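Undergrad: My questions will all concern the structure given below.
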Amino acid sequence: MKASLRVILITVLTVSDCIIGGTIIKDSLVENNIQKKELWNLSATQELEETELALVMQEATEEETELALVMQEATEEESEIKEEGETVQEELPIELVYEGMTLDELAAQLNRSLKGEIANQGYLIASYSLEKDVDPYIATAIMLLETGCNGKCSTLVTKCHNVGGQVGTGCGKYRSFETLEAGIKGFIDNLSKNYFSKGLDTPKEINKKYATSKEWYKKVESYIKTIKNK
């Protein structure tokens, strides 16, 4: 009897141990499956993030490529415009207006001798003289002689804008002009109308009508040499 009970007890204990052991193993397997699933989910998430990152990088690369193409097109257009501009510039002839000089060069030549109130009026004198068929050197030389504007200008210039000693009204026995530009143009108009158009186109010929001194033209010629040599 005791032996039977011992066998039964051992059997019960064995079965109990198996049940407990089986439960432990089962729990362990479940836990392992959960961990595997979590690892799989984590791996899937990482793969998804990597895929999204790859897509973002691909889009960025495509944008960079498009930007590079736009910049290349802009550079090509700029080069074409530059080439067209250079071609046009090459085709435009340099206009020489007086004694092998351009208008700007002539104006600069005159400006080097103009002082006081008529300083920097070389462009106006040069352009308007040529428009009226008047020698710009002669016009400038007479201005300097009559006004003293190679240094300090006379009151005839500062108060009346008369740059050529023209007689008239408004400034005593001399003509008055509202502005310096009007005075310069009025003086050149006088040379054009009353001298150059009548063939009086040298200082000596102009002297006959312009001044009472027979030596006046020599002073004008001296000023012309000074202007040309500056």
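Undergrad: Residue by residue, what Karplus-based ³J(HN,Hα) values in Hz, rounded to whole numbers, does the range 181-186 have, using 6.51, -1.76 and 1.60 with θ = phi - 60° and x for Gly and Pro?
TA: 4, 5, x, 5, 5, x
Undergrad: At a 10 Å Cβ-Cβ cut-off, how would you order Thr226, Thr212, Thr169, fewest neighbours first?
TA: The most exposed by this proxy come first: Thr212, Thr169, Thr226.
Undergrad: Let me ask something additional. Rounded, prolate or oblate: which fits the range 103-229 when a ≥ b ≥ c are the square roots of the eigenvalues of the alpha-carbon gyration tensor, with rounded for a/c under 1.5 and prolate only if a/b beats b/c?
TA: Rounded, because the longest to shortest axis ratio a/c is under 1.5.
Every number in this text was worked out from the coordinates using simple rules, so none of it is lab data. Everything numeric here is computed off the predicted structure, so don't read it as measured data. All Cβ positions, glycine included, derive from the backbone under ideal geometry; neighbour counts span all protein chains shown.
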